[in-house]
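Some notes on the structure that comes next.
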Amino acid sequence: MTAVRPETDRLLLDVMLGKLAVYLRVCGYDTVYALDRGVEADSRLAAAAEAEDRRLLTRDVELAGGVGGALLLETRAVAEQLSELRAAGVELEPDDEPSYCGRCNGPLDPVEPGADTPEYAPDPGETDCWRCRSCEQLFWRGSHYERMRRTIEER
């Protein structure tokens, strides 16, 4: 199998891989999670993967066997799933400049210094921040990001 890279591959994750979606978005992958679209049926997942030219990631043996290029994951824990993906040739490197919203997969824009942000957020003049164009969630590289980055790099 050729390497899977964020520059060339868009992903679709089945309903059993919701936590993994956030990690893949941190690595720059355009990653759709089936439940975000209300899609659970195998036939609809297979059709979406084909129609949108997305590589399917699943824990369902039967579904993986019916979709060309699908990646079958056998483990439940995200850290082990990352190891499986790396072994299968999926490039996993956290982005310096995030591209996709961890919550909804929408595109992110940098927040300018001096912009209005919620009280809980750092000052964008002191800390790089990004806002999702779709859901308006605010992101920055804080402790949660650092834990995710370490998990990715250790796998």
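The values are calculated or read from the model by the stated rules, or taken from the named source; none is laboratory data. Being a predicted model, the structure only gives us computed values, none of them experimental. Cβ atoms come from the backbone with ideal geometry, glycine included; neighbour counts cover every protein chain shown. Protein only, heavy atoms only, side chains kept; ligands, DNA and RNA dropped before computing areas. Shrake-Rupley method; radii C 1.70, N 1.55, O 1.52, S 1.80 Å.
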For the stretch 1-91, size of Cβ-based charge dipole, Lys and Arg +1, Asp and Glu -1, in debye: 220 debye
Rounded to whole Å², per residue accessible area for the chain with a 1.4 Å probe reads 55 Å²
Please give the net charge around Glu112, taking every other residue with its beta carbon less than 14 angstrom from that of Glu112, where Lys and Arg add +1 and Asp and Glu add -1. -4
Using a cut-off of 13 Å between beta-carbons, work out the net charge of the residues near Leu73 (Lys and Arg +1, Asp and Glu -1, Leu73 not included). +1
In degrees between 0 and 90, to the nearest 10, how far off the longest principal axis of the chain does helix 143-154 point, with axes built from Cα atoms? 40 degrees
Toy charge model, Lys and Arg Cβ at +1, Asp and Glu Cβ at -1: the stretch 41-155 dipole around Cα centroid in debye, rounded to 20, equals 420 debye
Expressed in angstrom and rounded, the centroid-to-centroid distance over alpha carbons for the stretch 7-72 and the stretch 77-109 is 13 Å
In degrees, nearest 10, the alpha-carbon axis of helix 42-51 is tilted away from the dominant principal axis of the alpha carbons of the chain by 70 degrees
Carbon-plus-sulfur fraction of the accessible area of the chain, 1.4 Å probe, in percent? 45 percent
Between Glu154 and Arg103, what's the calculated FRET efficiency when r is the beta-carbon distance and R0 is 35 Å? Round to 0.05. 0.90
Which one of Ser83, Ala121, Thr151 has its Cα pushed farthest toward the positive end of the charge dipole of the chain, where Lys and Arg give +1 and Asp and Glu give -1 at the Cβ? Ser83
If the elastic network links every pair of Cα atoms under 10 Å, which of Pro94, Pro107, Pro122 fluctuates the most in the Gaussian network model of the chain? Pro122
Taking the chain on its own, what percent of its Cα-Cα pair distances exceed 27 Å? 25 percent
